[in-house]
Each structure stands twice: as C-alpha cells, then as structure tokens.
Amino acid sequence: MAKTETFFINIGIGVCMVLGGFFLFSKSSANETKTQCSSKTEVLKKKFGFTQSDHHFETYSLGINQNLGDLLIWQGVQWDSILKLDKISSDIFSIRKFRAKKPFTLVRKDECSKPHCIVYEPNKFTFIKYYLDDKVEIEAVQRDYEVKIESASGIIESSLWLAMNKAGLDGSIIDKMEDAMASNVDFYHTQKGDMFKLIFERKYIEGKPVDYGEVISGAFKNDSGEHFAVFYENEKYAGFYDLEGHPTKSTFLRAPLKYSRISSSFNRRRFHPIKKRTIPHLGTDYAAPTGTPIFSVADGVVVRAGYSKNNGKYVKIKHDDVYQTQYLHMHRFAKGIKKGTRVTQGQVIGQVGQTGLATGPHVCFRFWKHGRQVNHRRENFPPADPLPEEELEAFFIQRDSLLNDLNKIHYPIEISSALVASQTNT
Ligand SMILES: [Zn+2]
C-alpha cells in the first residue's frame, strides 16, 4: 500500500498538444511566444540581443560595500559616463539598486576593449541594458516567455505540500489551487489518502520553468466526495465554478486559521480533559502557537468581543440571519475588533492564545446555525449565487471541454490499481 501511495504522474508538456481547448484560457501577453519559429541555431547565437560571435561576455558581482562606479573606473569607463549613467538610470532602474553578490554581465566588443554595455537582471522576466558608449543609454527588455499547459496528480501521505513536491510542483501553487476550490475543500486540513488532479499554466524562459500562470481546472477527492473547479471567462464573468455553475469562491472559509492541527473535533459526547466528565464539545479546536492569526471565516459584524471564565477572550460574529461564528481562548483581539465592527472574510480578528479554560494554545471555533451549534465541518455551506440562467449554456460547453481534459488525467490510486489488475490478468 505504502508503495502505491507514493505513485504519481506528471503528464507535463505533452498535454498541451492533446488538450487544444485550453488555449482559450492562455493569458495574452505581448511578450509571450507560443511558438518559436526561428531556428535553434539562431537563438543560440544571441545573448541579451548581442550576437555571440562578435561580443565578449563576462560575469561580475558587487561586494557588500562596493559600488558599480568603482568597478567601472577600473574597467576603463570614463567618470563622465558613470555620472551620466547614474543620473539617467534612476528613471528606469538605478545602478545604485544593483544587489551585492547578484551577478551582472559586462559586454565588450572584443576581449580587451572597455565595456560596451552592462546587463543586469532584476528578475526572471526582465533584463536591463546600460550602454556605455559615447552616448549613454538604457533599455529595459521584457524577456519572451512561453506558457505551457501542464497537468499533475497526486495523493496526500503526510501533507499537501509534500504531495505537490512529489508531483513536481512547488507549494506556491497551493494558494492558487485554494483560490479555485476553497468553498469545497479545506486545504489546510487535508487527510492522508486525499487525491488531487490539476491542470495549470507554467511559464518557461529558454526551456526553464520560472513561474506558474493560472490554474485552469482541478479536482480534489476526499472522504466527502470528489470536488471540481473549472475556470470560466467571458466579457462579464471570470472565475472558478463547480460543475453546476456555482462560484467555488467560498461564502465561508473552512477553517479560521492556516497551518494548524485539529486537536479536538466537534463531539456531543466528549470526555472533558479538565472537568473529567462527559461534556459535549460543540466546537472544533485548532491547535497552533500563541500569536497565530485567527481570521473571520466570512463577512459579518462583530456582535461580541469580550471575556468569560470558560471562553477566555472571544469574538462572536454575525454573518447573516442564519449563521454566526465564535472564536474562543484568544491571546488578544486584533486592532479595532469590538462590538459593531464590520469584518470581511479572511480578515484577522485576533491571535491564538489559551485564555479561559484551555490546556494549551488553540482556538475553539464554534459555528451557530439558527441559534444552534453545529459541526461546521459537516455543513454544506450555502453556495454563492450561481451563474444566471442565460449564461449556463455557454458555461456548460466550456465546462465539458475542461472536464474532458481533466478526465484524461488519472488519480495515482486509479493508475496503480489498473496496473495491479493488468498484472493479475496475465
Ligand atoms: Zn473547544
């Protein structure tokens, strides 16, 4: 079992050939090159726009207290030119902003001549050319990048982060995935065995991945079922939707803090660790270090920010006529949080603590529905307003195309059991 769980697939670049429909969603950018028509030899011959055969390139970097002027003087550049460069570069990218130890390139017309140009790369997508000839000039160049549509799938063994790494992704895509599916999946409290599939954009410069673009579609399978999100865009709407056309941006976040551990679940028959008898636990405890920010799970108005012997410092928020939430044992309230304060979803309202009856730092999160406390983790939150009727036909067409692409990717377990099946058949 352990072995099959580590199995993952990264279909990768090949997918962009198969899934033609995805190009609908590729971001348009003036710098983007979808197809490189020029031959490879021509690409190789140039560096920063200079032909390699008649230019000489050398990499330098500044020491901690070194400045570029000193280095250029030593390279034979006139003091006059350096002053000019300093002056005009401040409008584009000041030569004073060169970071110590960050490499830059001096370009010469031949090995022994003084530098013709300095090239500095403030980020992966930009390089700046400072020409040092009779006329001092500066040019900022946006690099061409290529957007490829890729896919990945994985299974969680210990954390979503590690599962992403195994699938060849870095954790920064989790936030994008969360944006796409937050109403259905609590990405901060995933379980072993949960699986995901993802189709997304990745940006490449000269064949090297440099960044992610947008998530296009995703699926997440856990003990409550399989959840989908597809990106839909037209002149009026842009966002992630579930298969019925409800926005997947959640009306309620699944948890009031990130990166925490559920230390005690909602349980009507719990044995209380301090009072030593069965007392229902009508909330969910999230253990996290003192000071961890707690946020409101939805828009609302603070109806109480106070103290009681059991709850310690706590906040209660009214979201609408049906739902209220409560956050107990806080270390302190966030600035401005008091009765009557309007809060938005994700706004920090306080910090994790252990005030009141608590054995360690945690937030006891309580969810009220029609005046009764319920287990929010079993609650199906009211979906946000769906796409209007007249929009649905167009939505379904795009949805089906995306779903079709998503179905071509397999969850790790499906693959491994298919392998086992084929082996036992022979
Ligand atoms: Zn509790």
*Rolling a 1.4 angstrom probe over the protein heavy atoms, how many square angstrom per residue are accessible across the range 261-378?*
52
*asked:* If I model a spin label at D321 and D299 as a point 7 Å from the Cα along the Cα→Cβ vector, what separation in nanometres do I get?
replied: 1.7
*Give me the number: length gained by fully extending D175 to Y307, i.e. 0.36 nm times residue separation minus the C-alpha to C-alpha distance, one decimal in nm.*
44.1 nm
*Percent accessible area from carbon and sulfur atoms, the chain, protein chains only, probe 1.4 Å*: 51
_Let me cross-check W79: its accessible surface, 1.4 Å probe, with only protein heavy atoms counted, in Å² to the nearest 10?_
130
*Under 27 Å Cα-Cα from K97, which lysines qualify once same-chain neighbours fewer than 8 residues away are excluded?*
K46, K47, K84, K87, K109, K114, K124, K129, K135, K203, K208
*Roughly how many whole Å is it from the C-alpha centroid of the range 294-364 to that of the range 117-190?*
35
_Chain lengthening between D54 and K338 when straightened (0.36 nm per residue, less Cα-Cα)_ = 95.3 nm
_For a quick check: with amide H placed at 1.01 Å from N, whose amide H comes under 5 Å from C117's, ignoring anything fewer than 5 positions away on the same chain?_
V107, L132
*For Q191 and N407 in the same chain, what is the full-extension length gain: residue separation times 0.36 nm, less their Cα-Cα distance, in nm?*
75.5 nm
_All-pairs alpha carbon distance profile, the chain, 20 Å steps from 0, percent_ = 20, 39, 32, 9, 0
*asked:* Suppose all protein chains stay in the model; what accessible area per residue would a 1.4 Å probe give for the range 40-142, in Å²?
replied: 62
*asked:* Taking θ = phi - 60°, what integer Hz values does the Karplus form 6.51 cos²θ - 1.76 cosθ + 1.60 yield along the range 272-288, in sequence order, with x for Gly and Pro?
replied: 6, x, 9, 7, 6, 8, 6, 10, x, 9, 8, x, 10, 8, 10, 7, 7
*For helix 172-181, what angle does its Cα long axis make with the longest principal axis of the chain, in degrees from 0 to 90 and rounded to 10?*
50
_Between helix 79-89 and the chain: long-axis angle, C-alpha atoms, 0 to 90°, nearest 10_ = 30
*Amide hydrogen neighbours beyond the local backbone of Q347, cut-off 5 Å, H modeled*: S296
*Can you tell me the order of 224-231, 157-164 when each peptide is scored by its average per-residue count of other Cβ atoms within 10 angstrom, highest first?*
224-231, 157-164
*Residue-wise, which Karplus ³J(HN,Hα) couplings in Hz belong to the range 215-232, taking 6.51 cos²θ - 1.76 cosθ + 1.60, θ = phi - 60°, and x for glycine or proline?*
6, 9, 7, x, 9, 9, 10, 9, 5, 9, x, 10, 10, 10, 9, 10, 8, 10
*Using the Karplus equation 6.51 cos²θ - 1.76 cosθ + 1.60 (θ = phi - 60°), what ³J(HN,Hα) coupling, rounded to whole Hz, does each residue of the range 357-373 give in order, writing x for Gly and Pro?*
8, 8, 8, x, x, 6, 10, 8, 9, 10, 10, 9, 10, 6, x, 10, 7
*Determine the relative contact order of the chain: mean sequence separation of Cα pairs under 8 Å and six or more apart, normalised by residue count, in whole percent.*
13
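The values are calculated or read from the model by the stated rules, or taken from the named source; none is laboratory data. Keep in mind that this is a model prediction, so the values were computed, not measured. A quick note on method: Cβ atoms are made from the backbone with ideal geometry, for glycine too, and the neighbour counts reach across all protein chains shown. When the accessible area is computed, the model is the full protein with side chains, heavy atoms only, and any ligands, DNA or RNA have been set aside. Shrake-Rupley method; radii C 1.70, N 1.55, O 1.52, S 1.80 Å.
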